[in-house]
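Q: Sharing a structure below in structure tokens format, with a few things to ask.
The values are calculated or read from the model by the stated rules, or taken from the named source; none is laboratory data. Since this is a predicted model, take the numbers as computed values, not measurements. Neighbour counts run over all protein chains shown; Cβ positions are idealised from the backbone, glycine included.
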Amino acid sequence: MIPPQKLPQGFWERNISRLTDMHCHLGDVTEGEALEVALTSGLTFHNMSVTPEQYFKNIERFSKTKNTRSALGLYPLYTSENSPHVKAFFEALPHCALVGEVGLDFSPDYPPPQRQTEVFKDILDTCHRLGGRCLSIHSRKAGAEVLELCWPKFNGSLVLHWYSGPCEALQNLPEHLYFSINRAMLKSRNGRALLEQLPQHKILLESDAPYIQAPSKTSIGQQLQAVVQSLALRWNLSIEDALEQCFQNTLNALKPMLQPFHREPSLP
Ligand SMILES: [Zn+2]
């Protein structure tokens with residue numbers, strides 16, 4: 001075990017605003033202290049939804065917080081032919097810059113892969129046409145398919161969340177493609193293999209809270225700090241420099257959203 005690098009006192013308190021959690025589900029955190037701490041902690045949250053219905057609830061629930069951006073989502077589970085969420089999603093999409101969670105999941109009990117692919121392609125095409133969107137993308141048991149669909153030119157940013165492979169040929173990634181990394185990935189063989197392949201400028205941070213096993217009383221901020229510390233070791237950088245790299249990556253990934261024309265009206 002390598003001892004943690006020594007940081008100047010108050011380092012994280014001073015730098016908390018440089019952390020962005022690119023993928024979490026605050027809408028699924030029960031009311032209470034944990035949520036309160038998250039919302040007052042000073043870092044920025046990209047708060048996913050699984051249906052447009054949840055997105056609108058999130059907008060309402062977090063309207064008074066300055067550091068939470070709600071993303072419009074359509075989780076693969078809700079993409080079946082008769083799902084009312086698909087229509088609602090495409091109706092809301094022109095008004096939302098931040099999109100997620102969307103993607104593919106080829107686990108049993110999900111809608112047929114062909115149907116999911118059709119909907120996901122439609123989401124990518126529509127977002128590309130609208131421009132200025134940042135998408136957080138799910139790819140369980142469908143990594144190769146998602147990567148193939150996300151690879152071509154895209155007018156915005158595509159962030160692969162908790163991507164678990166295939167991990168070959170990730171060196172010459174297109175400009176618009178990023179990967180958000182969480183604490184559980186750092187502990188898994190797949191996650192470590194992915195990090196070995198990915199260039200530093202493609203890496204973003206996420207907690208996937210509350211769906212990740214974290215030691216009790218570990219805040220989302222502490223989880224992201226642990227990821228930065230681990231990246232610093234891996235990259236042979238100081239924690240300060242690793243944080244700076246992640247911060248710059250985040251700015252780059254969000255750049256397409258910053259054009260005022262595309263700004264979601266509810267964003268702070
Ligand atoms: Zn998620």
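Q: Could you check, for segment 210-220, whether at least one of its residues is touching a strand residue (DSSP E or B) at 6+ places or on another chain (Cβ under 9 Å), of a type outside the set (V, I, T), closer than 26 Å to L35 by Cα and at pLDDT 90 or above?
A: no
Q: While we're here: Can you pull out every residue in segment 221-268 that is surrounded by fewer than 16 Cβ atoms within 10 Å (Cβ to Cβ), aliphatic (A, V, I, L, M) and modelled with pLDDT of 90 or more?
A: L233, L251
Residue by residue, here is whether (1) within 16 Å of the chain's Cα centre (by Cα); (2) buried (at least 19 other Cβ atoms within 10 Å of the Cβ); (3) more than 21 Å from H23 (Cα to Cα) holds:
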| site | (1), (2), (3) |
| --- | --- |
| A88 | no, no, yes |
| A92 | no, no, no |
| C96 | yes, yes, no |
| V102 | yes, yes, no |
| R115 | no, no, yes |
| L130 | no, no, yes |
| R133 | yes, yes, no |
| G143 | yes, yes, no |
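Q: Okay, moving on. Say we look at segment 214-232 and pick out the residues that are in contact with a Lys or Arg (Cβ under 9 Å, 6 or more places away or on another chain) and not β-branched (V, I, T); which of these is nearest to N252 (Cα to Cα)?
A: For segment 214-232, the residue satisfying everything is L224.
Q: Right, another one. Report yes if some residue within segment 179-201 is part of a loop (DSSP other than H, G, I, E, B), in contact with a helix residue (DSSP H, G or I) (Cβ under 9 Å, 6 or more places away or on another chain) and under 22 Å from L72 (Cβ atoms); otherwise report no.
A: Yes, the conditions are met somewhere in segment 179-201.
Q: So how many residues does segment 117-152 have that are more than 16 Å from the ligand (Cβ to nearest atom), part of a loop (DSSP other than H, G, I, E, B) and either of a type in the set (A, V, I, L, M) or within 21 Å of F90 (Cα to Cα) (or both)?
A: 2
Q: Name the pairs whose Cβ atoms lie under 7 Å apart, with the first residue in segment 189-211 and at positive phi, the second surrounded by 15 or more Cβ atoms within 10 Å (Cβ to Cβ), and 6 or more positions between them or separate chains?
A: As it stands, the answer is D208/H23; D208/C24; D208/W162; D208/N182, since those pairs meet every condition given.
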